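Single-structure report; data block below.
The values are calculated or read from the model by the stated rules, or taken from the named source; none is laboratory data. Not measured: the values here are computed from a predicted model. Reconstructed Cβ throughout: ideal geometry from the backbone, glycine too, with neighbour counts over all protein chains shown.
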Amino acid sequence: MNSSRPLPLDTLILTALSSALACGCANQGYSVIAATSTTIGVGISQQPANGSVDATLGYKRAEVAFVPTNRNSGESAGSSGGGAKDSGNVIMELRYAGIFSTGADSGIYQRLAVGDIAVKETGAALLFAKGPDGKIDAESAKALVAVKGIPSADTTATAETALLARKYSSFKASGDSANVKKFNDAAKGLGYTDFGSFLIDAKVTVQKAKTMRALLEGAGIDFNH
Amino acid sequence: MDTIVRRIDLATVQNLETEIQNLCATLAGADYTLASTFVFQTQLVLIFQK
């Protein structure tokens, strides 16, 4: 009678890959604190009866970055130099390739960008565009550069121009040609052919939008109602 | 048909809803309406046409 039986050599391979990737970013006093810690462990063992193979690998790291800001001391944060919003710029990356991995996408990845400039940088965008294998393919990199070439909306300038545009649109919708003309005249005063060409200008700054508003208010346009 | 393309960085925008509304209102003043959008990485691309 044939019967299956366990292999005389029981083999047990345990691979434990443990990663505790704790990432914190908290505001404190004068700095943004960026803290990360990583723990990686691998254990391989074999039944000791027939000659065991044991392997253990441990890796533990921690890092803390105090990124200075312009926040005042005391209860009042203040607004000097942008206040707490104005921090140093940090971009960092940790990639740990797969440990005894059979797959290209194994491993651990950490990315961190702190600061208003750092998060806008193409370098940061490329960093975050990388795959688990730590690589970004050439086509994706080209595509990202192409997309970044599209004019970016300036949040504060857009808020100002939107206020003007809503008023302008209401006059156009109601057929108020006299007030529409005031908008076009003001735009011509700033070098545009008409108010529409001002609205589609991607390079309008907050200052230019405020200048336009001042011209329109001087012409009797009320933006408070 | 005229086309204008704008981009919003989703990683940095404070209030996405307001930003989109402001952008649409601004370009609506020049008779452009939002025709299409897509996202690539952290970038929201908006295509306006009139």
**Q.** Sole exception among (1) in contact with a strand residue (DSSP E or B) (Cβ under 6 Å, 6 or more places away or on another chain); (2) surrounded by 20 or more Cβ atoms within 10 Å (Cβ to Cβ) for B:T26, by number
**A.** (1)
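May I ask you to list the residues in chain B that are of a type in the set (A, V, I, L, M) and farther than 22 Å from A:L164 by Cβ? Walk me through how you get there before you give the answer.
Of chain B, the ones of a type in the set (A, V, I, L, M) are B:1, B:4-5, B:8, B:10-11, B:13, B:16, B:20, B:23, B:25, B:27-28, B:30, B:34-35, B:39, B:44-47.
Matches in chain B: B:M1, B:L10, B:A11, B:A35, B:V39, B:L44, B:V45, B:I47.
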Q: Go through segment B:15-47 and count every residue that is β-branched (V, I, T) and at the interface with chain A (Cβ under 7 Å from one of its Cβ atoms).
A: 3
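The rows are residues; the columns are (1) at pLDDT 95 or above; (2) of a type outside the set (F, W, Y); (3) buried (at least 18 other Cβ atoms within 10 Å of the Cβ); (4) within 17 Å of the chain's Cα centre (by Cα).
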{"position": "A:E121", "(1), (2), (3), (4)": "no, yes, no, yes"}
{"position": "A:A124", "(1), (2), (3), (4)": "no, yes, yes, yes"}
{"position": "A:D133", "(1), (2), (3), (4)": "no, yes, no, no"}
{"position": "A:E139", "(1), (2), (3), (4)": "no, yes, no, no"}
{"position": "A:P151", "(1), (2), (3), (4)": "no, yes, no, no"}
{"position": "A:D154", "(1), (2), (3), (4)": "no, yes, no, yes"}
{"position": "A:L164", "(1), (2), (3), (4)": "yes, yes, yes, no"}
Q. Which is surrounded by 14 or more Cβ atoms within 10 Å (Cβ to Cβ), within 8 Å of another protein chain (Cβ to nearest Cβ), farther than 20 Å from B:N15 by Cα and over 26 Å from the mean Cα position of the chain (by Cα), of A:L215, A:L144, A:L199?
A. A:L199
Q) Picking from B:T3, B:T12, which residue would you name as being exposed (fewer than 15 other Cβ atoms within 10 Å of the Cβ) and more than 8 Å from chain A (Cβ to nearest Cβ)? A) B:T3
